[in-house]
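The next block holds one structure in the form of C-alpha coordinates; read it before the comments.
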Amino acid sequence: MGFNMIKEERRKEALVVYDSISDILKQSGEGEIHPPDLADAIDHGILVRKIAVLLCRQMEVSEQDFSTICEAAYVHDIGKLKMGQYLYGRNKEALHIEELRYMRMHAQIGYEMLKNCGYPESILETVYHHHENYDGSGYPGNLQGKKIPFCARVLKVCDVFAALISERPYRSAFDMETAMEMMIENIKEYDLGVFLKFMKIYHSPDFAEIEEYAKVMNRQKRYFY
(Lines give C-alpha, C1' and ligand atoms only; values in the text may rest on other atoms or scores of the structure.)
Protein backbone atom coordinates (compact mmCIF):
# COMPACT_ATOMS: atom_id res chain seq x y z
CA MET A 1 0.00 0.00 0.00
CA GLY A 2 1.47 3.35 -1.05
CA PHE A 3 2.09 6.40 1.08
CA ASN A 4 -0.91 8.32 -0.25
CA MET A 5 -3.30 5.39 0.23
CA ILE A 6 -2.15 4.86 3.81
CA LYS A 7 -2.37 8.59 4.46
CA GLU A 8 -5.98 8.63 3.22
CA GLU A 9 -6.87 5.51 5.20
CA ARG A 10 -5.35 7.10 8.30
CA ARG A 11 -7.35 10.28 7.74
CA LYS A 12 -10.66 8.42 7.45
CA GLU A 13 -10.06 6.23 10.49
CA ALA A 14 -8.81 9.21 12.49
CA LEU A 15 -12.14 10.98 11.91
CA VAL A 16 -14.01 7.98 13.31
CA VAL A 17 -11.80 7.81 16.39
CA TYR A 18 -11.95 11.59 16.81
CA ASP A 19 -15.74 11.45 16.94
CA SER A 20 -15.68 8.69 19.57
CA ILE A 21 -13.13 10.46 21.77
CA SER A 22 -14.87 13.82 21.38
CA ASP A 23 -18.17 12.31 22.53
CA ILE A 24 -16.52 10.80 25.60
CA LEU A 25 -14.80 14.07 26.47
CA LYS A 26 -18.02 16.04 26.10
CA GLN A 27 -20.00 13.59 28.23
CA SER A 28 -17.23 13.68 30.82
CA GLY A 29 -17.35 17.48 30.96
CA GLU A 30 -13.74 17.87 29.83
CA GLY A 31 -12.55 21.21 28.54
CA GLU A 32 -10.30 21.90 25.58
CA ILE A 33 -7.57 19.29 25.03
CA HIS A 34 -4.13 20.25 23.71
CA PRO A 35 -4.24 19.29 19.98
CA PRO A 36 -0.95 17.31 19.93
CA ASP A 37 -2.20 15.22 22.86
CA LEU A 38 -5.43 14.44 21.02
CA ALA A 39 -3.51 13.61 17.85
CA ASP A 40 -1.26 11.23 19.80
CA ALA A 41 -4.25 9.51 21.40
CA ILE A 42 -5.94 9.03 18.02
CA ASP A 43 -2.83 7.78 16.22
CA HIS A 44 -1.88 5.44 19.03
CA GLY A 45 -5.39 4.02 19.25
CA ILE A 46 -5.50 3.32 15.52
CA LEU A 47 -2.09 1.60 15.52
CA VAL A 48 -2.94 -0.51 18.58
CA ARG A 49 -6.19 -1.59 16.94
CA LYS A 50 -4.45 -2.58 13.70
CA ILE A 51 -2.03 -4.81 15.62
CA ALA A 52 -4.88 -6.17 17.74
CA VAL A 53 -6.89 -7.19 14.66
CA LEU A 54 -4.00 -9.30 13.35
CA LEU A 55 -3.30 -10.81 16.77
CA CYS A 56 -6.95 -11.64 17.48
CA ARG A 57 -7.25 -13.38 14.12
CA GLN A 58 -4.09 -15.37 14.80
CA MET A 59 -5.43 -16.39 18.21
CA GLU A 60 -8.92 -17.11 16.85
CA VAL A 61 -10.55 -15.28 19.73
CA SER A 62 -14.33 -15.23 20.12
CA GLU A 63 -16.39 -12.58 18.37
CA GLN A 64 -17.15 -10.96 21.70
CA ASP A 65 -13.49 -10.75 22.72
CA PHE A 66 -12.55 -9.48 19.27
CA SER A 67 -15.08 -6.67 19.55
CA THR A 68 -14.00 -5.83 23.11
CA ILE A 69 -10.28 -5.69 22.31
CA CYS A 70 -10.70 -3.67 19.11
CA GLU A 71 -13.04 -1.12 20.67
CA ALA A 72 -10.89 -0.81 23.79
CA ALA A 73 -7.84 -0.23 21.57
CA TYR A 74 -9.29 3.06 20.33
CA VAL A 75 -9.99 4.49 23.79
CA HIS A 76 -7.70 2.69 26.24
CA ASP A 77 -5.52 5.76 26.90
CA ILE A 78 -8.27 8.36 27.04
CA GLY A 79 -7.49 8.97 30.71
CA LYS A 80 -4.17 10.48 29.64
CA LEU A 81 -5.95 13.37 27.97
CA LYS A 82 -6.79 14.76 31.40
CA MET A 83 -3.11 14.93 32.35
CA GLY A 84 -1.33 15.68 29.10
CA GLN A 85 1.04 18.21 30.66
CA TYR A 86 2.58 15.40 32.71
CA LEU A 87 2.33 12.45 30.34
CA TYR A 88 3.16 13.72 26.88
CA GLY A 89 6.64 14.98 27.54
CA ARG A 90 6.17 18.70 27.03
CA ASN A 91 7.47 19.24 30.56
CA LYS A 92 10.11 16.56 31.11
CA GLU A 93 10.83 17.61 34.68
CA ALA A 94 7.17 17.21 35.63
CA LEU A 95 7.05 13.86 33.84
CA HIS A 96 10.02 12.66 35.87
CA ILE A 97 8.88 13.93 39.26
CA GLU A 98 5.21 12.99 38.97
CA GLU A 99 5.51 9.79 36.93
CA LEU A 100 4.30 7.33 39.55
CA ARG A 101 1.64 9.64 40.94
CA TYR A 102 0.08 10.61 37.61
CA MET A 103 0.92 7.88 35.10
CA ARG A 104 -0.70 5.21 37.22
CA MET A 105 -3.90 7.21 37.48
CA HIS A 106 -4.78 7.23 33.79
CA ALA A 107 -6.24 3.71 33.69
CA GLN A 108 -8.57 4.50 36.59
CA ILE A 109 -9.52 7.86 35.10
CA GLY A 110 -10.17 6.30 31.70
CA TYR A 111 -12.31 3.61 33.33
CA GLU A 112 -14.43 6.24 35.09
CA MET A 113 -14.82 8.35 31.95
CA LEU A 114 -15.96 5.37 29.89
CA LYS A 115 -18.24 4.10 32.65
CA ASN A 116 -19.99 7.47 32.76
CA CYS A 117 -20.55 7.14 29.03
CA GLY A 118 -22.21 3.73 29.38
CA TYR A 119 -19.46 1.51 27.96
CA PRO A 120 -19.94 -2.21 28.69
CA GLU A 121 -18.11 -3.87 31.58
CA SER A 122 -15.91 -5.94 29.26
CA ILE A 123 -14.39 -2.79 27.75
CA LEU A 124 -14.16 -1.08 31.14
CA GLU A 125 -12.13 -3.90 32.69
CA THR A 126 -9.91 -4.16 29.61
CA VAL A 127 -9.07 -0.46 29.80
CA TYR A 128 -8.64 -0.58 33.58
CA HIS A 129 -6.22 -3.52 33.53
CA HIS A 130 -4.24 -3.00 30.31
CA HIS A 131 -1.13 -2.00 32.28
CA GLU A 132 -1.09 -5.10 34.49
CA ASN A 133 2.03 -7.24 34.11
CA TYR A 134 1.82 -11.01 34.01
CA ASP A 135 4.36 -11.26 36.84
CA GLY A 136 2.21 -9.05 39.07
CA SER A 137 4.42 -5.95 38.84
CA GLY A 138 1.94 -3.82 36.87
CA TYR A 139 -0.88 -1.49 37.84
CA PRO A 140 -3.44 -0.50 39.00
CA GLY A 141 -4.32 -3.82 40.67
CA ASN A 142 -0.98 -5.67 40.72
CA LEU A 143 -2.87 -8.62 39.26
CA GLN A 144 -0.85 -11.66 38.26
CA GLY A 145 -1.20 -14.35 35.59
CA LYS A 146 -4.67 -15.46 34.59
CA LYS A 147 -6.20 -13.13 37.17
CA ILE A 148 -5.64 -10.39 34.59
CA PRO A 149 -8.65 -10.32 32.23
CA PHE A 150 -7.86 -12.07 28.94
CA CYS A 151 -8.68 -9.06 26.75
CA ALA A 152 -6.40 -6.85 28.85
CA ARG A 153 -3.54 -9.35 28.41
CA VAL A 154 -3.96 -9.20 24.64
CA LEU A 155 -4.26 -5.41 24.57
CA LYS A 156 -1.14 -5.09 26.74
CA VAL A 157 1.08 -6.69 24.09
CA CYS A 158 -0.39 -4.60 21.26
CA ASP A 159 -0.17 -1.40 23.29
CA VAL A 160 3.48 -1.80 24.25
CA PHE A 161 4.67 -2.63 20.74
CA ALA A 162 2.68 0.23 19.21
CA ALA A 163 4.13 2.67 21.74
CA LEU A 164 7.71 1.55 21.09
CA ILE A 165 7.52 1.98 17.30
CA SER A 166 5.84 5.39 17.54
CA GLU A 167 7.38 8.85 17.58
CA ARG A 168 6.93 10.63 20.89
CA PRO A 169 7.54 14.30 21.78
CA TYR A 170 10.28 13.14 24.17
CA ARG A 171 11.94 10.40 22.03
CA SER A 172 12.21 8.98 18.53
CA ALA A 173 10.48 5.77 17.50
CA PHE A 174 12.36 2.51 17.91
CA ASP A 175 12.71 0.35 14.83
CA MET A 176 10.61 -2.81 14.79
CA GLU A 177 13.48 -5.19 15.51
CA THR A 178 14.65 -3.17 18.50
CA ALA A 179 11.08 -2.94 19.80
CA MET A 180 10.71 -6.72 19.64
CA GLU A 181 14.06 -7.23 21.40
CA MET A 182 12.99 -4.86 24.17
CA MET A 183 9.76 -6.77 24.69
CA ILE A 184 11.58 -10.10 24.79
CA GLU A 185 13.89 -8.69 27.47
CA ASN A 186 10.78 -8.03 29.54
CA ILE A 187 8.96 -11.23 28.62
CA LYS A 188 7.88 -11.81 32.23
CA GLU A 189 5.45 -8.92 31.84
CA TYR A 190 3.39 -10.68 29.17
CA ASP A 191 1.17 -13.72 28.90
CA LEU A 192 3.57 -16.07 27.10
CA GLY A 193 0.78 -17.71 25.11
CA VAL A 194 -0.34 -14.32 23.80
CA PHE A 195 3.22 -13.19 23.16
CA LEU A 196 4.10 -16.28 21.12
CA LYS A 197 1.09 -15.65 18.91
CA PHE A 198 2.22 -12.05 18.59
CA MET A 199 5.64 -13.23 17.42
CA LYS A 200 3.91 -15.26 14.72
CA ILE A 201 2.12 -12.26 13.28
CA TYR A 202 5.29 -10.17 13.66
CA HIS A 203 7.12 -12.61 11.37
CA SER A 204 4.19 -12.96 8.95
CA PRO A 205 3.77 -11.08 5.65
CA ASP A 206 0.63 -9.44 7.07
CA PHE A 207 2.71 -7.46 9.55
CA ALA A 208 4.20 -5.42 6.70
CA GLU A 209 1.05 -3.29 6.81
CA ILE A 210 1.84 -2.38 10.43
CA GLU A 211 5.37 -1.31 9.50
CA GLU A 212 4.13 0.74 6.54
CA TYR A 213 1.41 2.39 8.58
CA ALA A 214 3.84 3.26 11.39
CA LYS A 215 6.24 4.84 8.91
CA VAL A 216 3.52 7.07 7.46
CA MET A 217 2.22 7.94 10.93
CA ASN A 218 5.68 8.79 12.25
CA ARG A 219 6.53 10.87 9.20
CA GLN A 220 3.44 12.98 9.84
CA LYS A 221 4.17 13.20 13.57
CA ARG A 222 7.64 14.62 12.98
CA TYR A 223 6.06 17.69 11.41
CA PHE A 224 3.83 18.02 14.43
CA TYR A 225 6.63 17.83 17.00
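The values are calculated or read from the model by the stated rules, or taken from the named source; none is laboratory data. Being a predicted model, the structure only gives us computed values, none of them experimental. Just so you know, the surface numbers come from the protein's heavy atoms only, side chains and all, with ligands and any DNA or RNA stripped out. Shrake-Rupley method; radii C 1.70, N 1.55, O 1.52, S 1.80 Å.
Worth a mention:
- In the context of the full set of protein chains, residues of the range 140-225 present 50 Å² of accessible surface per residue (probe radius 1.4 Å, heavy atoms only).
- 5 Å binning of all Cα-Cα separations within the range 18-81, expressed as whole percents from 0 upward: 3, 17, 26, 21, 14, 10, 6, 2, 0
- ³J(HN,Hα), Karplus 6.51/-1.76/1.60, whole Hz, each residue of the range 45-54, x for Gly, Pro: x, 5, 5, 4, 5, 4, 5, 4, 4, 5
- Where 106, 34 fall by accessible area, highest first, once all protein chains stay in place (1.4 Å): 34, 106
- Proximal aspartates and glutamates to residue 188, defined as alpha-carbon separation beneath 14 angstrom and excluding residues fewer than eight positions away on the same chain: 132, 135
- Span from the the range 167-225 Cα centroid across to the the range 136-162 one, whole angstrom: 17
- Which listed pairs, of 80/215; 26/215; 156/197, have C-alpha distances above 20 Å, in listed order: 80/215; 26/215
- Between residue 168 and 173, the built amide H atoms are under 5 Å apart, and every one of these is 5 or more places off in sequence or on another chain.
- Accessible surface of residue 53 - all protein chains present, 1.4 Å probe, nearest 10 Å²: 20
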